[in-house]
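Single-structure report; data block below.
Just so you know, all these numbers are worked out from the coordinates, no wet-lab data involved. Being a predicted model, the structure only gives us computed values, none of them experimental. FYI the Cβ positions are ideal-geometry reconstructions off the backbone, even for glycines, and counts take in every protein chain you see.
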Amino acid sequence: MFEILKPYKNAEKMEFVFYHGMYVYPPDFCVEYAQSHGIDATYLCGFMNTLGLKNYETEQSKQSWTTFVDKLSDW
């Protein structure tokens, strides 16, 4: 993500990074969401349940959160 956006940043054409879609979902969210979109929950939930940057139950940061913060601060 950072490498793809770097040319825009260097050209001063980017004002902020909005990191949407990588938040933690409640455990029961995905099945209902998939059904409302006509998608087989077996496939979608396997993907969506890995997206969060923190553990839903413990709120502990995952390695992906640390990597994101480190990259953003060095960027």
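Brief remarks follow.
- Trypsin sites (Lys or Arg not before Pro) within the stretch 29-75, DSSP loop, no more than 16 other Cβ atoms inside 10 Å: K62
- The stretch 35-75: Cα Rg divided by the 2.2 N^0.38 Å rule of thumb: 1.55
- Based on the Stokes-Einstein relation at 10 °C and a viscosity of 1.306 mPa s, and on the Kirkwood radius from alpha carbon pairs, the chain is assigned a translational diffusion coefficient of 110 µm²/s.
- Shown here for the chain: GluC sites (Glu not before Pro) in loop regions (DSSP other than H, G, I, E, B) with at most 11 other Cβ atoms within 10 Å, namely E12, E15, E57, E59.
- Between helix 63-74 and the chain: long-axis angle, C-alpha atoms, 0 to 90°, nearest 10: 20
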